[in-house]
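To keep things clear, I will list the structure first and then write my remarks on it.
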Amino acid sequence: MTTANIYAPLGAVTVLRVVDTLINVKTALVEWNETRETRKALARLSDAQLEDIGMNRADIANI
């Protein structure tokens, strides 16, 4: 009976880790940009508009 090699070549593991890191960085940048744009849009609203949606100026920084 033969045994299967369950280990990936070192180069493949390294490439996988690099790709995973790049994907994680991209995901973090997309989330950061969406949050930045949301804060920017909320900052353009008047105090009355913010109150209508249950927020105030101090809440914007917590997003």
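Bear in mind that the values in this text are calculations on the coordinates, not laboratory data. All of these numbers come straight from a predicted model, not from anything done at the bench. Virtual Cβ from ideal backbone geometry, glycine too; neighbours counted across all protein chains shown.
Residues in region 46-63 that are assigned to a helix (DSSP H, G or I) and surrounded by 11 or more Cβ atoms within 10 Å (Cβ to Cβ): how many?
Adding up the residues that qualify gives 6.
Report, ordered by the first and then the second residue, all pairs with beta carbons closer than 9 Å, sequence separation of six or more or different chains, a first member in region 18-44 that is touching a residue at least 24 places away in the same chain (Cβ under 8 Å), and a second member that is surrounded by 10 or more Cβ atoms within 10 Å (Cβ to Cβ) and in a helix (DSSP H, G or I).
Close Cβ pairs satisfying both conditions: Thr38/Ile60; Arg39/Ile60.
If I go through region 8-35 residue by residue, how many of them are farther than 30 Å from Ile60 by Cβ and out of contact with any helix residue (DSSP H, G or I) (no Cβ under 9 Å at 6 or more places or on another chain)?
Residues in region 8-35 being farther than 30 Å from Ile60 by Cβ and out of contact with any helix residue (DSSP H, G or I) (no Cβ under 9 Å at 6 or more places or on another chain): 14 in total.
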